[in-house]
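Colleague: Before I ask anything, let me first share the structure, which is written out below as structure tokens.
Only the coordinates and a few stated rules stand behind these numbers; no lab work does. For clarity, every value in this text was computed on a predicted model and none was experimentally measured. Methodologically, a virtual Cβ is constructed for each residue, glycine included, from the backbone with ideal geometry; neighbour enumeration extends over all protein chains shown.
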Amino acid sequence: MAAKDAAIASNNTSESLSAARRFEYARLLSQIDSKMQMGFDSTGVAFSSAHGGIGLSIGPGWEKGITYLRAVPSRVGQIVHNLDKDPGHDDMYLVPIEGDWYVFYQRTDYD
């Protein structure tokens, strides 16, 4: 749905999304838990559902969620088959879901 609408929503023509389509986006977005954090950069977009660590901008921490990657996954992190145990080293770990979607676990500042 979003891929089809991207050309309409991102140009300066008089064409715009219908009221029904805007309502559908609002309905879908309202179903996302307010505790979920979202971030994006040049590699893609991530939806973080759990995180921990010491809670400061410096020091060890971890984060889990799902991500959509526009970049080659191996440039973002390591592809693994599961996240059942701590991999033991700082990195982004990616478990393929479908297409360009991955479950991710990111560990920082433990090494």
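Colleague: How far apart, in nanometres, would the label points at Ser30 and His89 be if each is projected 7 angstrom from Cα along the Cα-to-Cβ direction?
Modeller: Between Ser30 and His89, the label points sit 4.7 nm apart.
Colleague: Which of Leu83, Ile97, Met38 sits farthest toward the positive end of the charge dipole of segment 34-108, with +1 on the Cβ of Lys and Arg and -1 on the Cβ of Asp and Glu?
Modeller: Met38
Colleague: Would you mind calculating the relative contact order of segment 34-108 from Cα pairs under 8 angstrom and at least 6 residues apart, reporting the percent as a whole number?
Modeller: After rounding, I find 27 percent.
Colleague: Still on this structure, I have one more. Skipping prolines and chain starts, which residues have an amide H placed within reach, meaning under 5 Å, of the one on Val80, given they are 5 or more residues away or on another chain?
Modeller: So Val80 has HN proximity to Leu94, Val95.
Colleague: Which order do the peptides 40-49, 27-36 come out in when sorted by mean C-beta neighbours inside 10 angstrom, highest first?
Modeller: Ranking, from highest mean packing down: 40-49, 27-36.
Colleague: Right, here's the next one. Which value in nm describes the separation of the simple spin-label points at His81 and Ala19, placed 7 Å from the Cα toward the beta carbon?
Modeller: Placing both labels 7 Å beyond Cα along the Cβ direction yields 5.4 nm.
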